[in-house]
Amino acid sequence: AQSVTQLDSHVSVSEGTPVLLRCNYSSSYSPSLFWYVQHPNKGLQLLLKYTSAATLVKGINGFEAEFKKSETSFHLTKPSAHMSDAAEYFCVVSVSLGRGSQGNLIFGKGTKLSVKP
Amino acid sequence: GAGVSQTPSNKVTEKGKYVELRCDPISGHTALYWYRQSLGQGPEFLIYFQGTGAADDSGLPNDRFFAVRPEGSVSTLKIQRTERGDSAVYLCASSLRGGQGFATNEKLFFGSGTQLSVL
């Protein structure tokens, strides 16, 4: 069965400093992995996705994530945080098989990112 | 429209009442998904439509929950005899093609959700 674990429920950084949001996954198959961002009162937005091509994935707004099979990790990083990055971030794994599976996406519990001026 | 639209944005109801939540997907998207997000949790899958049919309803928690998509566009999530534990944000998403076992990397577009509060 597929699952994701986000290791931090809350991360706080200062503006201009690096961001690291951690995610570990469990999957019986070669997974597809995603990071979504949720700003208050807005819909979830896809930041980036990994689908077995390059292990370093670049997304929108300067975010990137590296797929490390040996560590079963897919951590999200950004070199320099901006105030507008404050939001909740979800690590997501896809479920690849048919009827009776738990839908296409399994979400982690989320990491709330705070950015201090 | 430009994105996935969900109405109402907020719904307050009393325990035992019936509610309907509406989702307007992006025009032309054949796949539509409902998720439920409880406080402090990530979204959890409820049901997935491919066109008019429910291709996977394995996430519906019990028979009080039902969803329809009669014309392959707008979908309605229906909850009977609401309970306080049903309080959550109900999210709708759509994608161009969807499909179980295929293109699991296809991008989903999410609406802003309906906040349901059962008193």
*asked:* Among B:Gly53, B:Phe66, A:Trp35, which residue has its Cα furthest toward the positive end of the charge dipole of the protein assembly as shown, with +1 on Lys/Arg Cβ and -1 on Asp/Glu Cβ?
replied: B:Phe66
*What's the local net charge at B:Lys78, with K and R +1, D and E -1, over the other residues with C-beta under 15 Å away?*
+2
*Given a 1.4 Å probe and no ligands, DNA or RNA in the count, how much accessible surface is buried by A and B, both sides, to the nearest 100 Å²?*
2000 Å²
*Binned at 10 Å from 0, what are the whole-percent values of the Cα-Cα distance distribution for chain A, short to long?*
14, 48, 30, 7, 1
*What percentage of the solvent-accessible surface of the stretch B:5-97, computed with a 1.4 Å probe over protein heavy atoms, is contributed by carbon and sulfur atoms?*
47 percent
*Tail fraction, Cα-Cα pairs, the stretch B:1-42, threshold 13 Å, whole percent*: 68 percent
*Comparing the chain by itself with all protein chains present, which residues of the stretch B:33-53 are at least 10 Å² less accessible (probe 1.4 Å)?*
B:Tyr33, B:Tyr35, B:Gln37, B:Gly40, B:Gln41, B:Gly42, B:Pro43, B:Phe45
_Spatially near lysine pairs across chain A, Cα under 26 Å, sequence gap of 8 or more or different chains_ = 26
*With all protein chains present, how much of the accessible area of the stretch A:3-116 (probe radius 1.4 Å) comes from carbon and sulfur, to the nearest whole percent?*
51 percent
*Ordering A:Leu20, A:Leu47 from largest to smallest accessible area (1.4 angstrom probe), what's the sequence?*
A:Leu20, A:Leu47
*With a 1.4 Å probe and every protein chain left in place, work out the accessible area per residue of chain B in Å², rounded to a whole number.*
45 Å²
*May I have the convex hull volume per residue, in Å³, for the Cα set of the protein assembly as shown?*
120 Å³
*Over what distance in Å are the Cα centres of the stretch B:1-39 and the stretch A:19-44 separated?*
22 Å
*To the nearest 10 Å², what's B:Tyr18's accessible area with a 1.4 Å probe?*
110 Å²
_Above 17 Å lies some portion of the pair distances; for the stretch B:1-73, what is it as a whole percent of all C-alpha pairs?_
51 percent
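The values are calculated or read from the model by the stated rules, or taken from the named source; none is laboratory data. Because the structure is a prediction, the values reported are computed rather than measured. Positions of Cβ are generated from backbone atoms using ideal geometry, with glycine treated the same way; all protein chains shown enter the neighbour counts. Ligands, DNA and RNA are excluded from the accessible area calculation, which covers all protein heavy atoms including side chains. Shrake-Rupley method; radii C 1.70, N 1.55, O 1.52, S 1.80 Å.
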